[in-house]
1. Would you say Glu307 is touching a residue at least 60 places away in the same chain (Cβ under 8 Å), assigned by TED's automatic domain parsing to the domain that holds Ala266 and surrounded by 15 or more Cβ atoms within 10 Å (Cβ to Cβ)?
2. Is there a residue being assigned to a helix (DSSP H, G or I) and among the β-branched types (Val, Ile, Thr) anywhere in region 373-388?
3. Which of the residues spanning region 267-290 are within 18 Å of Ser158 (Cβ to Cβ) and either in contact with a strand residue (DSSP E or B) (Cβ under 9 Å, 6 or more places away or on another chain) or part of a strand (DSSP E or B) (or both)?
4. Based on this model, can you work out whether Asn86 counts as of a type in the set (S, T, N, Q) and surrounded by fewer than 15 Cβ atoms within 10 Å (Cβ to Cβ)?
5. I need the full set of residues from region 327-355 which are surrounded by 20 or more Cβ atoms within 10 Å (Cβ to Cβ) and over 14 Å from the mean Cα position of the chain (by Cα), in order please.
6. Can you confirm whether Arg362 is among the basic types (Lys, Arg), within 20 Å of Glu45 (Cα to Cα) and assigned by TED's automatic domain parsing to the domain that holds Gly282?
7. Within region 69-87, can you find the residues that are part of a loop (DSSP other than H, G, I, E, B) and touching a residue at least 12 places away in the same chain (Cβ under 8 Å)?
Amino acid sequence: MVLRNHTICYEIAKSLEKGRNLGQEIRRRISSLKVVWKKDRKLDEAIEQDKRYKLCARVVKEVLNEPGQVIPLRYLEKRRERLRLNFKAKSFVEMNPSLFDIYYDRIKPKSEPVPFIRPTPRLRAFLDHEQRIYADNEPLIVSKLCKLLMMAKDKVISADKLVHVKRDFGFPNDFLVKLVQRYPNYFRLTGLPEQGKSFLELVDWNPDFAKSAIEQRAEEETLRTGVRVRPNFDVKLPSGFFLRKEMREWTRDWLEQDYISPYEDASHLDQASKEMEKRTVGLVHELLSLSLLKRLPVPILGKFCDEFRFSNAFSSVFTRHSGIFYLSLKGGIKTAVLREAYREDELVDRDPLLAIKDNFLRLLEEGWQERKDKLKQQREQVHKDREILLVAKTKQPEEPDRLCD
């Protein structure tokens, strides 16, 4: 009997050891698959085009957060480094005449007047229109927020983290206040907001929201063709990009596996398994699909490792699956881009909330054109003044030579 028990224990230990070795072998095989990173100039250009827009948006946000939404120009000058302004604040205001007006006021009652800046009427009109766009697209915003919570572990996400990514997903500034009040059937704030430890919790699961972009696409193709289409990733390797035979075989086998929805419970999956890799790629794909520009900085995704059960090495999926994602290094920060969402440097399927960005860009371009026209008029006026002076000088009669006494 004792011998039998020892035998059973030995077999169990051997089985566990075999399982550990298998897990280590799978982890080794996946981690050893290396793909050479290749620059994609068009996708890099799409990111580069947003630099000026983002800078202007940061400065506008800084002014709007001030009491009365006005600020002394010299105070803004002191914040240049934080705002990443590489020229003087006054120059920025002059270069963007559609954003701010300069006026003079006193900082203290008896102090000398100094230049202040305030939003122009055109910027005020843009902000009013922005609120109307948010109101018109509120169902979309609610569905996005629900989807983020539905994919998260325990259906809870830190409120601070959600505030940090609100611009990436198109959430309004006051979404935690207004949406939670309007939709108590979906959302509940818990924790201690005054101590910065609040969390947004999903109250009710809506099955209509529990469909990923990949599953929706498969359903649409099935309805259109009449042939059942299996949900899977759209893999498009960039021009001139080749995979080694080992990686091609691994990718083929990996794609043949069943798609795992990011809305399914993944708590039973091993972090080193192919299934978990499939789920991680699917979840990142869905996060990028929900974002406004179909791209997100990798450090921002990294903030949600705990909520979405990402491993510490989750960022390797962006290079290992180069036909699905592109990892841009533009601007000194890693950005994960969804390849299928772009045709060269243009978004294919635009989020309705991008109308806000489009309106802001039109406002900026209007101001840039005004400044350009003003500078052109000034140059033309200087040229005219020079011509008038030259004509006047040539018409002056020459003084007769004086005779010596």
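1. Numbers: touching a residue at least 60 places away in the same chain (Cβ under 8 Å): yes; assigned by TED's automatic domain parsing to the domain that holds Ala266: yes; surrounded by 15 or more Cβ atoms within 10 Å (Cβ to Cβ): yes.
Yes, satisfied.
2. Within region 373-388, one or more residues are assigned to a helix (DSSP H, G or I) and among the β-branched types (Val, Ile, Thr).
3. Once the filter is applied, which keeps residues that are within 18 Å of Ser158 (Cβ to Cβ) and either in contact with a strand residue (DSSP E or B) (Cβ under 9 Å, 6 or more places away or on another chain) or part of a strand (DSSP E or B) (or both), region 267-290 yields only Leu287.
4. Values: of a type in the set (S, T, N, Q): yes; surrounded by fewer than 15 Cβ atoms within 10 Å (Cβ to Cβ): yes.
Considered against the rule, which asks whether it is of a type in the set (S, T, N, Q) and surrounded by fewer than 15 Cβ atoms within 10 Å (Cβ to Cβ), Asn86 comes out as yes.
5. Arg339, Glu340, Tyr342 - these are the residues of region 327-355 that are surrounded by 20 or more Cβ atoms within 10 Å (Cβ to Cβ) and over 14 Å from the mean Cα position of the chain (by Cα).
6. Considered against the rule, which asks whether it is among the basic types (Lys, Arg), within 20 Å of Glu45 (Cα to Cα) and assigned by TED's automatic domain parsing to the domain that holds Gly282, Arg362 comes out as no.
7. Within region 69-87, the first condition is being part of a loop (DSSP other than H, G, I, E, B), and the residues that meet it are 70, 79, 84-87.
Answer for region 69-87, where residues must be part of a loop (DSSP other than H, G, I, E, B) and touching a residue at least 12 places away in the same chain (Cβ under 8 Å): Val70, Arg79, Arg84, Leu85.
Table: residues versus (1) of a type in the set (S, T, N, Q); (2) more than 25 Å from the chain's Cα centre (by Cα); (3) surrounded by 16 or more Cβ atoms within 10 Å (Cβ to Cβ).
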| position | (1), (2), (3) |
| --- | --- |
| Ala152 | no, no, yes |
| Leu162 | no, no, yes |
| Asp174 | no, no, no |
| Lys197 | no, no, no |
| Arg217 | no, no, yes |
| Thr225 | yes, yes, no |
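The values are calculated or read from the model by the stated rules, or taken from the named source; none is laboratory data. Keep in mind that what you see is a predicted model, and the values were worked out from it rather than measured. FYI the Cβ positions are ideal-geometry reconstructions off the backbone, even for glycines, and counts take in every protein chain you see.
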